[in-house]
Amino acid sequence: MKKLLLIEDNTLARENFCEIFESDGYEVITASNGKTGIELVKSSNPDLIICDIMMPKMDGYEVKKILSENKNTSSIPFVYLTAIADIKDAQYAMELGADDYITKPVGAKKLLELISNRLLRIEELNSQSSEKLSQNISMTEDEKILIKSEGKHILTVLDDIIIIKVKGDYSEVLLKTGEKALIKIG
C-alpha cells in the first residue's frame, strides 16, 4: 500500500482529499500546516507528498525548499495541490523541484488518476534507471566520476546514481545517499 502525506490547512479540504485517497487504497497521513508536515515526512517516510501552497506558519514553497535540502527527504516525489492557477507560480513550483502542480478545484476521479500516474511514472523511472545502469555500466570501485554543482564537488561511482532528471537547462542527479546535484547544461 502506497503512503501519501497530505499537507493542507483547510480542514474540510483535508478531510475530503483524505477520504478520496483512502477510498482508492492509499494510506494517508495528514498535516494541517507546513511545519507539522515536515516533521511527518521525517517520521513516516511517505511515497509521495501532496502539499497546498497557501498555508499559515509555512507555505508550500518553503516546505519544498526545506525538504529539498535534506538528503533523506529530497528524493520523495512532491506534488502541489493548490487553488493558485497562475502560470508563474506553477513555473516557480517546478523550479523548486515539484513533480507535479494540480490546481483546485479538481474532481476526485481526475485527482486519483493524476496521483496514480505520478506514482507509476516514478516507479518506471526508478526501474529503468536501475536497469540501464546495471546493464550498461560496469565499473570497478576505483572508477569514479566527479560531479560539480554550485561550487560543491561530489566524487561518486556511477552505481550510486539513482536517476538523472533533465529540468530545462539543468540536469538533476540523485544519488543513493540522498544527495542531489543540479548541474547546468552547456
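The values are calculated or read from the model by the stated rules, or taken from the named source; none is laboratory data. Values in this document were obtained by computation on a predicted structure and should not be read as measured data. Cβ coordinates were reconstructed from backbone atoms using ideal geometry, including for glycine residues, and neighbour counts include every protein chain displayed. Heads up: the accessible areas ignore ligands, DNA and RNA and are worked out on the full protein's heavy atoms, side chains in. Shrake-Rupley method; radii C 1.70, N 1.55, O 1.52, S 1.80 Å.
Under the condition of being open to solvent by 60 Å² or more (accessible area, probe 1.4 Å) and in a loop (DSSP other than H, G, I, E, B), which residue from region 84-106 is nearest to Leu4 (Cα to Cα)? Taking the candidates together, the pick is Pro105. For the residues Lys42, Lys104, the requirement of being under 17 Å from Asp9 (Cβ atoms) and basic (Lys, Arg) singles out Lys104. Please verify whether region 48-66 includes one or more residues that are free of Cβ contacts under 8 Å to residues at least 60 places away in the same chain, surrounded by 18 or more Cβ atoms within 10 Å (Cβ to Cβ), under 21 Å from Glu123 (Cβ atoms) and out of contact with any His (no Cβ under 8 Å at 6 or more places or on another chain). Yes, that holds for at least one residue. Only a single item in (1) modelled with pLDDT under 95; (2) closer than 18 Å to Ile163 by Cβ; (3) surrounded by 11 or more Cβ atoms within 10 Å (Cβ to Cβ); (4) not small (Gly, Ala, Ser) is not met by Gln135, and it is number (3).
Out of Tyr80, Tyr61, which single residue is modelled with pLDDT of 95 or more and either touching a Phe, Trp or Tyr at 6+ places or on another chain (Cβ under 6 Å) or on the phi > 0 side of the Ramachandran plot (or both)? On inspection, the qualifying residue turns out to be Tyr80.
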